[in-house]
Amino acid sequence: MSKFQSGKIFIGTSLLALALGVFMGCLAALQFVVPGFFEILPFFKSRPLHVSLVISWIFMCAIGGVYYYLPRYHNLPLFSPKLVAVHYWIFVGTGLAILGSYVAGRFGGREYWEFPPILAIPIIVSWVLFAVNYFKTVFRKKGKWPVYLWMWGTGIFFFLYTFLEANLWVFSYFGDNIVREITIQWKAYGALVGSWNMLVYGTAIFLMERISGNPKVGTSKMAYALFFLGLVNLMFGWAHHTYLVPSAPWIRYFAYAVSMTELLILARIIWNWKSTLDTARKFKHLMSYQFLLASEFWIFLNLVLALLISVPALNLFTHGTHITVAHSMGSTIGINTMILLGSVFFICRESTTKKLKLKGVKMGLWLTNGALLTFWISLILAGYTKARLSTGSDLSFQQIMHEVAPYLMVFTIAGIGLFLGIAMIVSSALPKLFAKEGEE
Amino acid sequence: MAYSAVVYTSGTEYARGDSFFTEEAKRGKQLFQKYNCISCHQIYGLGGYMGPDLTNALSNRGDDDAVARAFLKSGTGKMPNFNLDESEIDGLLAYLKYIDKAGTYPIEHYELSPLGTVEVI
């Protein structure tokens, strides 16, 4: 693989995972509202297929960006291009084995990592290879590191740490006590999401630095302060997932206090609103910037939602409802996916000297975001209905789900729209990504 | 690391229901993972949304496991029939019994403070 091509191969594969992952999400949603639909691949198989594919999309696209950007923009040739190839094939091989195990109905893990735990070993190996290649490459950099290099390194380190932690349940000390097991599972998952956020948000800062041409974007005190805030939340903010698990109370109080520090980020977004709009006017002709702008909208919405559901008194009612799903979908699609697609089109633009034809991408962007907003609102209404009926009535679970069903129908239709939007974007991005110099 | 160590030990020291974590319950836990039950069900509100939360699924029916046994044996409109044998059903029920005895979800008696915290009564 050439020094730039290796990053593109990661990204190209990730786009396929995205399209297939959203398709699986549509299938799972249809099975939710039409029991018995497509029984060859029932819900307990389609859901983990959906989750694993979209998580692969996020990681592979972010990793591909790191491999692409380091040699091209920091004049840092990768420590070992061969390790990149080994990393790629272990990642893809393990991914296919995981998908195969789900299709065959061979489980054995826990939520989100439902595959047989033996497959965790090659995942760890592939991340160790990535860590070696990354740190051996960036340690050669002279002078001050921009914040995104710290963020990418932190993301890699914490993925390894939290993935190991997520597998501690195989030891009886952790696995034989339901409270310890669930608490540590969600401690690991919370921080694991933080680890991929470090990779993705680092990519966003890198893109803003390049698009604006202002190196201070990645080296200002504010950039480092926000990185530190994100790191604190990554390490200590996880327990809002487990407020209702009977672990020690101090874990909950500490996480509540840490989660509320995100109010600082919300205040900054509101404070900078006008300058964001000014920048939007300046760069609106750039496709990559339009994706970043969409992510800013979703950051605002999801941050407000995250802050609300992190308050224990509200979490008491929203926990275990579709409001939690709205938050995770808004974050993974609205924030992570928009930033990463911005990265994809930043690279596409560099693959050709000609002007890109982007009409289909723009339509896809609007369709994706419109469908996502409908999807997000319907999940919040479904969650609100479930919370209201669970606490204020004597209805059974089946009766409550009957009341929630109309919202889930809207959610499913919006999900199909979301898939069509993503398919338009991916089908346009793939040929552009691998176009030869001068081609469209 | 130090923080993690505290969470792993005193933060999650919890003995309620321990005596119900028998060898059969342990086997039930493995089956729970083997059949990916968490894809559709929740424990303490964590998991899938297709089926009901299972934390207190047994005591909600007065500790009578007959309904749960029937669901496990034949499936329902939404739950597939996994063709479980009697020993597997016994294991899963033993695991559900352990979870049931270990805690309560959702919390029924609580007080909300002006700071937004929740005190379990």
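The values are calculated or read from the model by the stated rules, or taken from the named source; none is laboratory data. Here the structure is a predicted model, which is why all the values come from computation and not from measurement. Cβ atoms come from the backbone with ideal geometry, glycine included; neighbour counts cover every protein chain shown. With ligands, DNA and RNA removed, areas are computed over all heavy atoms of the protein, side chains included. Shrake-Rupley method; radii C 1.70, N 1.55, O 1.52, S 1.80 Å.
Using the Cβ atoms and a cut-off under 12 Å, what net charge is assigned to the surroundings of B:PRO80, where Lys and Arg are +1 and Asp and Glu are -1?
Local net charge: +1.
Could you run the numbers on buried accessible area between A and B, total for both chains, 1.4 angstrom probe, in Å² to the nearest 100? Summing both sides, the interface buries roughly 4700 Å². Comparing Cα centroids, segment B:36-78 and segment A:166-217 end up 30 angstrom apart. Compute the acute angle (0 to 90°) between the alpha-carbon long axis of helix B:23-34 and the principal axis of greatest extent of the alpha-carbon atoms of chain B; round to the nearest 10°. Compared with the principal axis, the helix lies near 80 degrees. Rounded to the nearest 10 degrees, the angle from helix A:221-236 to the longest Cα principal axis of chain A is 40 degrees. Residue ranking by accessible heavy-atom surface, 1.4 Å probe, largest first, among A:ASP278, B:ASP100, B:ASP53 comes out as A:ASP278, B:ASP53, B:ASP100.
For chain B, compute Rg over Rh where Rg is the Cα radius of gyration and Rh is the Kirkwood radius from the inverse mean 1/r over Cα pairs.
Computed over Cα atoms, the ratio is 1.03.
Computed on chain A, with alpha-carbon pairs under 8 angstrom and 6+ residues apart, the relative contact order is 15 percent. Given a 1.4 Å probe and the protein chains as shown, A:THR391 ends up with an accessible area of around 90 Å². Only four residue types carry charge here, +1 at the Cβ of Lys and Arg and -1 at the Cβ of Asp and Glu. Report the dipole size of segment A:51-185 about the Cα centre in Debye, rounded to the nearest 20. Charge dipole, segment A:51-185, about its Cα centre: 820 debye, nearest 20. Roughly how many Å² is the accessible area per residue of segment A:296-440, as a whole number, for a 1.4 Å probe? I get 43 Å² per residue for this part. Using a probe of 1.4 Å, the accessible surface attributed to A:HIS285 totals some 130 Å² when neighbouring protein chains are kept in position. Each of A:ILE270 and A:HIS74 was given a label point 7 Å from its Cα along the Cα-to-Cβ line. The distance between the two points is 3.6 nm. Centre-to-centre, using Cα atoms only, segment A:47-117 and segment A:287-331 are separated by 25 Å. If only the Cβ of Lys and Arg carry +1 and only the Cβ of Asp and Glu carry -1, the dipole of chain B around its Cα centre is close to 360 debye.
With every protein chain kept in the model, how would you rank A:TYR173, B:TYR110, B:TYR98, A:TYR384 by accessible area, 1.4 Å probe, largest at the top? Intermediate results must be reported in sequence, preceding the final value.
Numbers: A:TYR173 105, B:TYR110 75, B:TYR98 5, A:TYR384 130 Å².
My answer, sorted largest first, is A:TYR384, A:TYR173, B:TYR110, B:TYR98.
Take the convex hull of the alpha carbons in segment A:236-310; its mean projected area over all directions comes to 5.6 nm².
Could you work out, residue by residue across A:170-179, how many beta carbons of other chains sit within 10 Å of that residue's beta carbon, and then give the average as an integer?
On the way: counts 0, 0, 1, 2, 2, 4, 6, 9, 16, 10.
Rounded to a whole number, the mean comes out at 5.
Ranked from largest, the principal axis spans of the Cα set of segment B:58-118 equal 51, 24, 16 Å.
Given axes a ≥ b ≥ c from the Cα gyration tensor, I'd like to know whether segment A:173-297 is rounded (a/c under 1.5), prolate (a/b larger than b/c) or oblate.
It is prolate, given that a/c is not under 1.5 and a/b is the larger ratio.
Against the main long axis of the alpha-carbon atoms of chain A, helix A:273-283 sits at an angle near 50°.
In terms of the Cα gyration tensor, with a ≥ b ≥ c the square roots of its eigenvalues, is segment A:299-440 rounded because a/c is under 1.5, prolate because a/b exceeds b/c, or oblate? Prolate, because a/c is 1.5 or more and a/b exceeds b/c. Within segment A:100-144, the proportion of C-alpha pairs whose separation exceeds 15 Å stands at 60%. Counted by Cβ distance under 14 Å from A:ILE425, the other residues give a net charge of +4, where Lys and Arg count +1 and Asp and Glu count -1. Across the protein assembly as shown, what fraction of all alpha-carbon pairs, as a whole percent, falls in each successive 20 Å bin from zero upward? Per 20 Å bin, starting at 0, the Cα pair percentages come out as 21, 56, 22, 1.
Computed over the protein assembly as shown, the per-residue total of -39500 (n - 2.57) for DSSP H runs of n ≥ 4 gives a 222 nm mean residue ellipticity of -22500 deg cm²/dmol, rounded to 500. Extension gain for A:GLN398-A:ALA435 works out to 8.1 nm (0.36 nm per residue, less the C-alpha to C-alpha distance).
Under 14 Å from a label point set 7 Å out along the Cα-to-Cβ vector of A:LYS136, the amide N atoms of segment A:71-105 belong to A:77-87. When the residues A:VAL51, B:VAL7 are ordered by accessible surface, computed with a 1.4 Å probe over the protein chains alone, the sequence from largest down reads A:VAL51, B:VAL7.
Tell me whether segment A:116-251 comes out rounded, prolate or oblate; compute the Cα gyration tensor, take square roots of the eigenvalues as a ≥ b ≥ c, and use a/c under 1.5 as the rounded threshold.
Here segment A:116-251 falls in the oblate category.
Measuring only protein heavy atoms, the 1.4 Å probe finds A:MET198 accessible over about 10 Å². Between segment A:24-46 and segment A:373-392, the alpha-carbon centres lie 21 Å apart.
Tell me the GluC sites (Glu not before Pro) within segment B:42-121 that lie in a loop according to DSSP and have at most 16 other beta-carbon atoms within 10 Å.
Answer in residue order: B:GLU108.
Listed by chain and number, the lysines placed with their C-alpha closer than 16 angstrom to that of A:LYS436 are A:LYS3, A:LYS8, A:LYS354, A:LYS355, A:LYS357; residues fewer than eight positions away on the same chain are left out. Given R0 = 51 Å, the distance between the Cβ atoms of A:LYS221 and A:VAL170 translates into a calculated FRET efficiency of 0.75.
Qualifying trypsin sites (Lys or Arg not before Pro) in segment B:1-82, where qualification requires a DSSP coil assignment and no more than 14 other C-beta atoms within 10 Å, comprise B:ARG16. Could I get the Rg over Rh figure for segment A:234-385? Both from C-alpha atoms, Rh via Kirkwood, rounded to two places. Taking Rg over the Kirkwood Rh, I get 1.05. On the beta carbon distance between B:ALA70 and A:ARG281, with R0 = 45 Å, the FRET formula returns roughly 0.10.
Using a Förster distance of 45 angstrom, determine the FRET efficiency expected from the C-beta separation of B:SER19 and A:LEU229, and round it to 0.05. Each step should come with its number before you reach the end.
On the way: r = 44 Å, r/R0 = 0.98.
My answer for the efficiency is 0.50.
Pairs of Cα atoms nearer than 8 Å and 6+ residues apart set the relative contact order; for segment A:26-129 it is 26 percent. What you get for the protein assembly as shown, charging only the Cβ of Lys and Arg (+1) and of Asp and Glu (-1), is a dipole of about 2940 debye around the Cα centre. Note on A:TYR112 and A:ASN214: their simple-model spin labels are 3.4 nm apart, each label 7 Å out from Cα toward Cβ.
Take each residue in A:235-246, count the other chain C-beta atoms within 10 Å of its C-beta, and the mean is 4. Other residues with beta-carbon under 12 Å from the beta-carbon of A:SER275 carry, at +1 per Lys or Arg and -1 per Asp or Glu, a net charge of +2. Taking the protein heavy atoms of segment A:102-158 in the context of the full set of protein chains, the accessible area attributed to carbon and sulfur is 72 percent at 1.4 Å. Take each residue in B:2-13, count the other chain C-beta atoms within 10 Å of its C-beta, and the mean is 6.
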